[in-house]
Amino acid sequence: MGGTLTRSQLEDEVRCNLGGRTDLNSRLVTFLNWAQDEIAKQHLFSALRSIETPSTVADIGSIPTPTRLRTITSFRIIDGTASRKVTYVPARTWDTRIPYPEAYSTGIPSLYTIWGNTMELWRIPDDAYATRIRCHLWPTPFTATGNVATDFDRMDQILILYATGFAFNSLGEQDKGASAIATAQGLLADRIKDDRAIKEDMEITPDFEIPIASNNYWADPFCAKMP
């Protein structure tokens, strides 16, 4: 997934919408990044889903948050059959219940909280554990030297229109800016509907109705109770 046009091609289209003027060339990458952020704020797009895999460090009670992290859906510690989901705890509750994590013995983490760019862990890891973090990220920023496409799938036209609108607004031409942004918002609303319509391979079934894979119900993670 991702865009079709590279950063320089997107800039060419924005420049064309501005009548070919070149005095804003150095700012076009900024307008494109504003456009990406504006799109991302409107919806958690599937194109920005990611599974990040940072590792813990023995005796260190934190790991950095994934780069460009927006939201976390789930966090797992991977340690063979001892693998587990790590539960989120709000920072205020964390400081009340675990004011000094170092007072406890180390082990496999079962709880985490986030503050700034840090994920604090409890228990403090006793080993280097692999992790799997399902999350949504913010889009990768364009740079003046990198000539790559956007992370967004089939959003090039919307990016161009938003960036065009921001450029016109910077010139004091609010009417032209508002027109371009309004057109972008209309197209974006359709793309959001499309993204919401993507159905994962799932059936809405209560846990207790999920069929047991074998007669060994005690070995089935989806078996909530004995039949």
ask   = Here is a list of conditions, (1) charged (D, E, K, R); (2) out of contact with any Ser or Thr (no Cβ under 8 Å at 6 or more places or on another chain); (3) free of Cβ contacts under 8 Å to residues at least 12 places away in the same chain, and Glu38 meets all of them except one; can you say which number that is?
value = (3)
task = Test Asn117 against the stated conditions and say whether it is surrounded by fewer than 16 Cβ atoms within 10 Å (Cβ to Cβ), in the same structural domain as Arg92 (by TED's automatic domain parsing) and either within 28 Å of Asp37 (Cα to Cα) or at pLDDT below 95 (or both).
result = yes
key: Qualifying position, being at pLDDT 95 or above and over 30 Å from Trp122 (Cβ atoms), among Thr30, Thr96   = Thr30
key: Test: residue in the range 175-194 that is surrounded by 12 or more Cβ atoms within 10 Å (Cβ to Cβ), within 18 Å of the chain's Cα centre (by Cα), at pLDDT below 95 and farther than 15 Å from Leu28 by Cβ   = no
query = Within the range 64-75, is there a residue that is β-branched (Val, Ile, Thr) and free of Cβ contacts under 8 Å to residues at least 60 places away in the same chain?
reply = yes
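Scan the range 6-25 residue by residue and report those that are free of Cβ contacts under 8 Å to residues at least 12 places away in the same chain and either assigned to a helix (DSSP H, G or I) or crowded, with 21+ Cβ neighbours inside 10 Å (or both). Can you show your working first?
Here is the first cut: in the range 6-25, the ones free of Cβ contacts under 8 Å to residues at least 12 places away in the same chain are 9, 12, 16, 19-23.
Once the filter is applied, which keeps residues that are free of Cβ contacts under 8 Å to residues at least 12 places away in the same chain and either assigned to a helix (DSSP H, G or I) or crowded, with 21+ Cβ neighbours inside 10 Å (or both), the range 6-25 yields Gln9, Asp12, Cys16.
The values are calculated or read from the model by the stated rules, or taken from the named source; none is laboratory data. Keep in mind that this is a model prediction, so the values were computed, not measured. A quick note on method: Cβ atoms are made from the backbone with ideal geometry, for glycine too, and the neighbour counts reach across all protein chains shown.
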